[in-house]
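This report refers to the structure that appears directly beneath it.
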Amino acid sequence: MSFFTEKTLNKKKRPPRWSHLWLKNTKPLKHALFAMQLQSVSSPPTQTPPPTLTPQQHQQQQQAGPNTKLKDKTGTLISNLPDIDRTLLLGDDLLLKILSKLPDSQRNPNSLVCKRWLNLQGRLVRSLKVLDWEFLESGRLLSRFPNLTHVDLLNGCVVRPHDCCVWLSHRVFQMEINSGVSGFLPDWRVCEENLLPVEVVDRGLRVLASGCPNLRKLVVVGASELGLLSFAEDCLTLQELELHKCNDDALRGIAACMNLQILKLVGNVDGFYGSLVSDIGLTILAQGCKRLVKLELSGCEGSFDGIKAIGQCCQMLEELTICDHRMDCGWLAGLSYCENLKTLRFLSCKRIDPSPGPDEYLGCCPALERLHLRKCQLRDKKSLEALFKVCEAVREIVVQDCWGLDNDMFSMASICRKVNLLSLEGCSLLTTEGLESVLLTWNELQHFRIESCKNIKDGEVSPALSTFFSVLKELRWRPDTRSLLASSLMGTGMGKKGGKFFKKNPRLDHYTQMIHTATF
């Protein structure tokens, strides 16, 4: 009896036949067919398809669980077919379009999915700041990001000391220095000691130019003429260039950039490095880069000849920015040769032009529309008068945080009769009387903004000036915090009602005093 029972049990435990699986359970066949289709799409035709499961292996798979891997007769692992990556069916072009639609905040998480997604995400990157120069010279930068159009090498050109613990920041440059620095000397050049050698910078530029021929913007420091020349020959689409520690010799290489439209030259930065850009370099630049639209000269030297050459050769120039210049006397007269100049900016200039020369030599920029002065010293009356003479046709004047602009200096602006917009901020020496003497002479003024001018009071506004304000299209009157509060409560009656209420209740006199103290 026991023998029969054991024989019967063994008979029942036999594996099912292939015909039974074919008729009753077709799920393993579906998995096998999907795997064969996936292999035919993602793998080359020469490769063999993945092994299919036998009925015995399928039974073992069901008993072991869905996350268990089996082995075939040769001992090769067979992965779980339902866990196959479905994105392998998509081509690289289609997957790139999908990834490009995702927000930038998901770029880093997406690159961690797999190696394929890592490479595809690198192809979507267009702008990059290089912090490690070895990453560029080794070729990993170009293999990882082959489609770059904007590259910033400024921080990568600086060698960081091992014991750096001090962060030195400037308007145009930032770097880390070691703790051994005891103080700042007048001739101290901390950046020159930590910059990469010129040969290393040029070699990196050649590597970048050979791998990114479609580059449009570059920021670099300490490059020479040879490095910039080779870069200009390979990157014909370069449109924007920012060059730090520039000199006249380096401008010979920049002159080969025939399609350059935006250029920023930083010659000398106090405390970081020193370099010389004179009339020779400006003339070379003007003769080579004739398609310039925007030009910024920071810490550059020069004179009338260099500015005149730029105005005569770069006839498409529309925006000129002068920052902390070291130019000789008389350079201001060269601006009249910039016939298509529309925007003129002065940033952090200690002086404009101490000796501009006679008025008949100054001329005028006929197309000039905007004049911006920011953080400049306007203490020289003759210099400021010459500046307004050159900018006589200006339509917009913006003065922000400039020293020395009092009533006498501001009266020089009355020569600009076509001003449509005036913005004053941080002019602490200017009073309401000096402001009124100029505004009433401007018949075309439509927009007026004033902020943080403490000597301009609401009580000193005359009826004529008040009538003038009533016809403006835009008026932003915030000379101090008290005027700001008055303008915000004007017409609402909240100030009068609140005062009456607090006066009737003597218990709230203490809180009234606290509110007025905190507000004013």
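The values are calculated or read from the model by the stated rules, or taken from the named source; none is laboratory data. Computed from a prediction, not measured in an experiment: that's the story for all the values here. Here the Cβ is made from the backbone with ideal geometry for all residues, glycine too, and neighbour counts use every protein chain on show.
Okay, residues lined up against (1) crowded, with 17+ Cβ neighbours inside 10 Å; (2) at pLDDT below 70; (3) among the hydroxyl-bearing types (Ser, Thr, Tyr); (4) closer than 20 Å to VAL220 by Cβ:
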{"residue": "LYS115", "(1), (2), (3), (4)": "no, no, no, no"}
{"residue": "SER143", "(1), (2), (3), (4)": "no, no, yes, no"}
{"residue": "ASN155", "(1), (2), (3), (4)": "yes, no, no, yes"}
{"residue": "VAL166", "(1), (2), (3), (4)": "no, yes, no, no"}
{"residue": "MET175", "(1), (2), (3), (4)": "yes, yes, no, yes"}
{"residue": "SER182", "(1), (2), (3), (4)": "no, yes, yes, no"}
{"residue": "CYS191", "(1), (2), (3), (4)": "yes, yes, no, yes"}
{"residue": "ASP202", "(1), (2), (3), (4)": "yes, no, no, yes"}
Residue list for segment 296-320, filter: over 26 Å from the mean Cα position of the chain (by Cα) and either under 15 Å from ASP248 (Cβ atoms) or not hydrophobic (A, V, I, L, M, F, W, C) (or both): GLU301, GLY302, SER303, ASP305, GLY306, LYS308, ALA309, ILE310, GLY311, GLN312, GLN315
Looking at segment 436-455, can you tell me whether even one residue there is in contact with a Lys or Arg (Cβ under 8 Å, 6 or more places away or on another chain) and either in contact (Cβ under 8 Å) with a residue 60 or more places away in the chain or part of a helix (DSSP H, G or I) (or both)? no
Near pairs, Cβ below 7 angstrom, 6+ apart or cross-chain, from segment 231-242 (under 16 Å from LEU153 (Cα atoms)) to any residue that is assigned to a strand (DSSP E or B): LEU238/LEU218; GLU240/LYS217; GLU240/ILE262; LEU241/LEU218; LEU241/LEU263; GLU242/VAL219; GLU242/LYS264
Exactly one of (1) buried (at least 20 other Cβ atoms within 10 Å of the Cβ); (2) closer than 19 Å to ILE352 by Cα; (3) of a type in the set (A, V, I, L, M, F, W, C) is unmet by LEU435. Its number? (2)
Please work out which one of (1) within 30 Å of LYS350 (Cβ to Cβ); (2) modelled with pLDDT under 90; (3) not aliphatic (A, V, I, L, M) is the condition TRP403 fails and give its number. (2)
When you go through GLY271, GLY253, GLY302, GLY306 one by one, which is the residue that is over 18 Å from LEU218 (Cβ atoms), outside any loop (DSSP other than H, G, I, E, B) and of a type outside the set (Asp, Glu)? GLY306
Any chance you could count how many residues in segment 463-479 are loosely packed, with under 12 Cβ neighbours inside 10 Å and assigned to a helix (DSSP H, G or I)? 5
Restricting segment 347-370 to residues that are more than 17 Å from HIS325 (Cβ to Cβ) and of a type in the set (D, E, K, R), the one surrounded by the fewest Cβ atoms within 10 Å (Cβ to Cβ) turns out to be GLU360
Considering only residues of segment 306-345 that are among the acidic types (Asp, Glu) and within 16 Å of LEU362 (Cβ to Cβ), which is surrounded by the most Cβ atoms within 10 Å (Cβ to Cβ)? ASP328
Meets criteria (touching a Gly at 6+ places or on another chain (Cβ under 8 Å) and among the β-branched types (Val, Ile, Thr)) for VAL293: no
Within segment 403-416, does at least one residue satisfy the condition of being closer than 30 Å to SER336 by Cα and among the charged types (D, E, K, R)? yes
Picking from LYS290, LYS350, LYS264, which residue would you name as being out of contact with any helix residue (DSSP H, G or I) (no Cβ under 9 Å at 6 or more places or on another chain) and within 21 Å of PHE231 (Cα to Cα)? LYS264
When you scan segment 349-359, do you find a residue that is of a type in the set (A, V, I, L, M, F, W, C) and in contact with a strand residue (DSSP E or B) (Cβ under 9 Å, 6 or more places away or on another chain), even just one? yes
The listed residue being of a type outside the set (A, V, I, L, M, F, W, C) and buried (at least 17 other Cβ atoms within 10 Å of the Cβ), out of ASN407, ASN420: ASN407
Just one of (1) touching a Ser or Thr at 6+ places or on another chain (Cβ under 8 Å); (2) modelled with pLDDT of 95 or more; (3) not aromatic (Phe, Trp, Tyr) trips up ASN420, so point out which. (1)
Could you please tell me which pairs satisfy a Cβ distance under 9 Å, a separation of 6+ or placement on different chains, a first residue in segment 466-482 that is over 9 Å from PHE448 (Cβ atoms), and a second residue that is modelled with pLDDT of 90 or more and hydroxyl-bearing (Ser, Thr, Tyr)? ARG478/SER452; PRO479/THR432; PRO479/SER452; ASP480/SER452
Which condition number in (1) touching an Asp or Glu at 6+ places or on another chain (Cβ under 8 Å); (2) part of a helix (DSSP H, G or I); (3) under 19 Å from CYS300 (Cβ atoms); (4) not charged (D, E, K, R) is the one that LEU285 fails? (1)
Is at least one residue of segment 351-364 more than 22 Å from VAL269 (Cα to Cα) and modelled with pLDDT of 95 or more? no
